[in-house]
Amino acid sequence: MAVKAAHCYLCEELSPQLKRKEEAVSRFRKLSHTLWHCQYHVVWVPKYRFRIMQGAVKASLEAGLQAICGFAGCELVEMNVQPDHVHLIIMVPPKVSISELLGRLKGQSSMRMFQQFRHLKKKPYWGNHFWAKGYCVDTVGLDADMIRKYVRYQEKKEQELEQLQLID
């Protein structure tokens, strides 16, 4: 009986440490021989930064990006499609190159947009390019929650700024 009581006392002492360790490990993903947590904040814009990603175009783009990420084995943590740019926070396995993933996201979504919304391709300045060249990518570290909130609420902040500019 005394041994059992001592064991329970030890478990109670170790319990907070074990919980912290479990919480730290739970944010990681597993591959067969890899434990990983690779999050990226990615931003890119349509060609000429036209404000076209609204309504049906926006909805179709969001569904397409979600599908492409899933097919690539990536997890879309946060997404915010603005009329003139896209923000994503993506969990990308270490076996997937971020440049390869962005090439797929931009390439496949571009083809999808031009197939679904043929009127976009009729503009002479588009050519066969929906997106502008390049993108911005940043790794998400310890301040992941802050960046996630920024992505989530950025549209609201931009609308507030536009309202202020209209008043001036």
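Here are some notes:
- At q = 0.21 Å⁻¹, base-10 log of I(q)/I(0) for region 38-167 (Debye sum, equal scatterers on each alpha carbon): -1.30
- With a threshold of 24 Å on the Cα-Cα distance, the over-threshold entries among LYS47/LYS121; LYS95/LYS157; LYS106/LYS157 are LYS95/LYS157; LYS106/LYS157.
- Label zone at GLN108 (point 7 Å along Cα-to-Cβ), backbone N below 17 Å, region 35-76: 60-76
All of the numbers you see were taken from the coordinates with simple rules; none came from a lab. All values reported here derive from a predicted model rather than from experimental measurement. Positions of Cβ are backbone-derived with ideal geometry, glycine not excepted, and every protein chain shown enters the neighbour counts.
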